[in-house]
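Every number in this text was worked out from the coordinates using simple rules, so none of it is lab data. Since we're looking at a predicted model, the values are computed, not measured.
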Amino acid sequence: MTDDADAAEVLALLDDTYAQSILRETRNEAMSAKELSETCDISISTVYRRAERLVDCGLLAERRIAQPDGNHHSMYEARLDELTVRLTDSGLDVTISKKPTGDLADRFTDMWEGL
């Protein structure tokens, strides 16, 4: 499985209609919670709850964007690229392939900081 979550938790989350909608809508571009709420027809509180679980499982990335007034808002982008489930003698083995998120400058900064 992954370092982020166990197989049962990931599979249960992916069975959730709201989580699926959030991942689908953020697959190609980052979106705010407000945009997700409007696009997916989900209450803002539900968006935040599902987004938190998706981020905890490593399936969604959250970027905080600073505003000139000192506040910030979050942008969410799907990290999930592919999910593989294999049945083994010890149970289900879930492998998650993640795609890079953020713009090129953010990815370069993350790579540089990781050195």
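For region 29-42, take each phi angle, set θ = phi - 60°, evaluate the Karplus expression 6.51 cos²θ - 1.76 cosθ + 1.60, and give the result in whole Hz per residue in order, putting x for glycine and proline.
8, 6, 9, 7, 4, 5, 4, 5, 4, 6, 5, 8, 6, 10
What shape does region 1-87 take by its C-alpha gyration tensor, where a ≥ b ≥ c are the square roots of the eigenvalues and a/c under 1.5 counts as rounded, a/b above b/c as prolate, and the rest as oblate?
prolate
Shape verdict for region 47-97, please, from the Cα gyration tensor: rounded (a/c under 1.5), prolate (a/b greater than b/c) or oblate.
Here region 47-97 falls in the prolate category.
How many percent of DSSP beta bridges within region 1-80 run antiparallel, rounded to 5?
100
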